[in-house]
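The values are calculated or read from the model by the stated rules, or taken from the named source; none is laboratory data. Just so it is clear, the model here is predicted, and its values are computed rather than measured. In this analysis, Cβ positions are derived from the backbone assuming ideal geometry, glycine residues included, and neighbour counts consider all displayed protein chains.
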Amino acid sequence: MPHLRLRKFNTRDAYPEQRLDNDLCMAVRAGNHVFLRGQTAMD
């Protein structure tokens, strides 16, 4: 299924004190679904 990754980041930049190097994102839109990573703010 085609998908779109939103708010991409690399763990190397986000957590410089650790030896990590993974490409991640905060949200993925796939079809009619949106998948969120971790905690999300509520207004």
Residue among 14, 30 that alone is at pLDDT 95 or above, surrounded by 11 or more Cβ atoms within 10 Å (Cβ to Cβ) and more than 11 Å from the chain's Cα centre (by Cα) = 30
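Out of the stretch 17-27, which residues are loosely packed, with under 13 Cβ neighbours inside 10 Å and within 13 Å of the chain's Cα centre (by Cα)? Spell out the reasoning first.
Taking the stretch 17-27 as the starting set, the residues that turn out to be loosely packed, with under 13 Cβ neighbours inside 10 Å are 17-19, 21-23.
Of everything in the stretch 17-27, those that are loosely packed, with under 13 Cβ neighbours inside 10 Å and within 13 Å of the chain's Cα centre (by Cα) turn out to be 22, 23.
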